[in-house]
1. Is segment 109-130 home to any residue that is touching a His at 6+ places or on another chain (Cβ under 8 Å), among the hydrophobic types (A, V, I, L, M, F, W, C) and crowded, with 21+ Cβ neighbours inside 10 Å?
2. In segment 94-113, how many are under 25 Å from Lys62 (Cβ atoms) and either of a type in the set (Val, Ile, Thr) or within 16 Å of the chain's Cα centre (by Cα) (or both)?
3. On the basis of being closer than 26 Å to Asp60 by Cβ, surrounded by fewer than 18 Cβ atoms within 10 Å (Cβ to Cβ) and within 15 Å of the chain's Cα centre (by Cα), does Ala147 make the cut?
4. Restricting the search to segment 76-98, which residues are of a type in the set (A, V, I, L, M) and buried (at least 16 other Cβ atoms within 10 Å of the Cβ)?
5. I need the full set of residues from segment 170-179 which are modelled with pLDDT of 95 or more and not aliphatic (A, V, I, L, M), in order please.
6. Evaluate segment 74-89: report whether one residue or more is touching a helix residue (DSSP H, G or I) at 6+ places or on another chain (Cβ under 9 Å), of a type in the set (Phe, Trp, Tyr) and closer than 19 Å to Ile148 by Cβ.
Amino acid sequence: MQVFISLGHNNAFNFINDHGKIRLSAYRDQGAVSGSDTEFKYSSKIAKEIQKLWKIPGVDLKIVPEKLNLQDRIKYINANSFNDDICIELHMDSATPAALGCSTWYLSASKYAEDKAKVFQMEYTKVTGLKWRWVHGDLSNRLTRLAIVRDTRPLAFLLEMGFISNENDRNLVWTKAASGIYSAIQKIL
């Protein structure tokens, strides 16, 4: 069995694809930003810390290469996974400084995925002390679907680790997210 940790943003230059035509404009996908902190910075650090903690017998950890865009992350995961594997994609939310907490997205209409997401979220909040916001099916997302959850072969979750726009959440994510995710993964295996 394998667990894939994917970074929601890749810090690489991404070129805009406009109906099959690549435009010359490009953007660096660092995700949400708060001052000098970026979503990519947090996700990258947390993934490396999980790798240091990893000692689950019979379960291999795979960190999806950082420089891959969403489509290439999905291709990488699908090419290297089996149906019984799990994928966790790391993100941070952003809103007003008063917004706080974490949430987990799962494959809509799958009771199995919903139950696993609830167990994952419960353990993550217990270890980190972050506020439980909710677990949601991917089809209720403002984007109408979450490709990392819907298009990967293994069971996948998108974790909003906390709010980058909230100083307390940033501190909890920086210091406790890796151990929270590690513990939560063990609970859902």
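1. Pass one, segment 109-130, residues touching a His at 6+ places or on another chain (Cβ under 8 Å): none.
Checked against the condition, which is being touching a His at 6+ places or on another chain (Cβ under 8 Å), among the hydrophobic types (A, V, I, L, M, F, W, C) and crowded, with 21+ Cβ neighbours inside 10 Å, segment 109-130 yields no hits at all.
2. The total comes to 7.
3. Working: closer than 26 Å to Asp60 by Cβ: yes; surrounded by fewer than 18 Cβ atoms within 10 Å (Cβ to Cβ): yes; within 15 Å of the chain's Cα centre (by Cα): yes.
Answer is yes for this residue.
4. Going through segment 76-98, the residues of a type in the set (A, V, I, L, M) turn out to be 77, 79, 86, 88, 90, 92, 95, 98.
Ile77, Ile86, Ile88, Leu90, Met92 - these are the residues of segment 76-98 that are of a type in the set (A, V, I, L, M) and buried (at least 16 other Cβ atoms within 10 Å of the Cβ).
5. Within segment 170-179, Thr175, Lys176, Ser179 meet the criteria.
6. No: segment 74-89 contains no residue that is touching a helix residue (DSSP H, G or I) at 6+ places or on another chain (Cβ under 9 Å), of a type in the set (Phe, Trp, Tyr) and closer than 19 Å to Ile148 by Cβ.
The values are calculated or read from the model by the stated rules, or taken from the named source; none is laboratory data. What you are looking at is a predicted structure, and each value in this text was computed from that prediction instead of being measured. A quick note on method: Cβ atoms are made from the backbone with ideal geometry, for glycine too, and the neighbour counts reach across all protein chains shown.
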